Amino acid sequence: MVRLYPDPCLRVRARPVTPGSPEAREAARRLREAYAQVEGLGLAATQLGLESRVVLLEFGDDTLVLLNPQIASCSQERVVDTEGCLSFPGLHAGVSRAREVVVEALREDGSPVELTVRDLEARVAQHEIDHLDGVLFVDHLPPRMRKELLAGYSAQREEEPSHTA
């Protein structure tokens, strides 16, 4: 299932995958399986404890699995909007992101894809690709704000009842 902060896997830089390889197929399968059980707009393999450079993005009615995605370019215009993360349940903060990005990646069959996305889709792409580099949305916050949010998040998590038997 989705790993929660402060799990060390969230800070791992994912390795590129070869389309059609067992590693790429397993990452895609596990992303689809996990994503079907959560409410979000995207998911990165590192959030499942996998070191594979694979993401699942939901853009409108399309669900895309992308291998080795990267931001090829981004607009100068930036927008601050509220972000959350499946690895930080209940935590939200205003994060500045590029309004438009161009994502280059491979589809599962190995064919190249270039996507130009704006607004929410650009934010989702940047967020999930950040995960593959071990970067979390809170890392984009000013240090003091990040420290305060993480302290509150950690205290909240400690107060939650344990789910062990």
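Some notes on this structure:
- Residues in the stretch 126-143 that are under 11 Å from residue 83 (Cβ atoms), among the hydrophobic types (A, V, I, L, M, F, W, C), out of contact with any Cys (no Cβ under 6 Å at 6 or more places or on another chain) and in a helix (DSSP H, G or I): 138 only.
- Of 117, 103, all but one fail to be out of contact with any His (no Cβ under 7 Å at 6 or more places or on another chain) and over 26 Å from residue 9 (Cβ atoms); the exception is 117.
- For the stretch 1-51, the candidate set comprises residues that are small (Gly, Ala, Ser), free of Cβ contacts under 8 Å to residues at least 60 places away in the same chain and out of contact with any strand residue (DSSP E or B) (no Cβ under 8 Å at 6 or more places or on another chain); within that set, the residue that is surrounded by the fewest Cβ atoms within 10 Å (Cβ to Cβ) is 36.
- Inter-residue pairs, beta-carbon under 6 Å, first over 16 Å from residue 43 (Cβ atoms) and in the stretch 124-146, second modelled with pLDDT of 95 or more and among the basic types (Lys, Arg), 6+ apart: 138/146
- Residue satisfying all of: in the stretch 103-122; buried (at least 17 other Cβ atoms within 10 Å of the Cβ) and out of contact with any Pro (no Cβ under 8 Å at 6 or more places or on another chain); farthest from residue 85 (Cα to Cα) among these: 115
So that you can scan it fast, the table gives a plain yes or no per residue for (1) among the charged types (D, E, K, R); (2) modelled with pLDDT under 95; (3) within 30 Å of residue 159 (Cα to Cα):
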position	(1), (2), (3)
26	yes, no, no
29	yes, no, no
35	no, no, yes
42	no, no, yes
46	no, no, yes
58	yes, no, no
64	no, no, no
67	no, no, no
81	yes, no, yes
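- Selected residue (criterion: nearest to residue 124 (Cα to Cα)) from residues of the stretch 52-83 that are loosely packed, with under 15 Cβ neighbours inside 10 Å and of a type in the set (D, E, K, R): 81
- Criterion (more than 18 Å from residue 11 (Cβ to Cβ), at pLDDT 95 or above and part of a helix (DSSP H, G or I)) met by exactly one of 123, 146, 97: 123
- Which numbered condition residue 88 fails, given (1) outside any loop (DSSP other than H, G, I, E, B); (2) within 13 Å of the chain's Cα centre (by Cα): (1)
- Failed item, numbered, when residue 101 is tested on (1) without any contact (Cβ under 8 Å) to a residue 40 or more places away in the chain; (2) closer than 30 Å to residue 159 by Cα; (3) of a type in the set (Val, Ile, Thr): (2)
Residue-by-condition table, conditions (1) under 16 Å from residue 131 (Cβ atoms); (2) touching a Gly at 6+ places or on another chain (Cβ under 8 Å); (3) outside any loop (DSSP other than H, G, I, E, B); (4) not aliphatic (A, V, I, L, M):
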residue: 5; (1), (2), (3), (4): yes, no, no, yes
residue: 29; (1), (2), (3), (4): no, no, yes, yes
residue: 38; (1), (2), (3), (4): yes, no, no, no
residue: 43; (1), (2), (3), (4): yes, no, yes, no
residue: 69; (1), (2), (3), (4): yes, no, yes, yes
residue: 72; (1), (2), (3), (4): no, no, yes, no
residue: 81; (1), (2), (3), (4): no, yes, yes, yes
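The values are calculated or read from the model by the stated rules, or taken from the named source; none is laboratory data. Keep in mind that this is a model prediction, so the values were computed, not measured. Cβ sites come from the backbone with ideal geometry, for glycine too, and all protein chains shown count toward neighbours.
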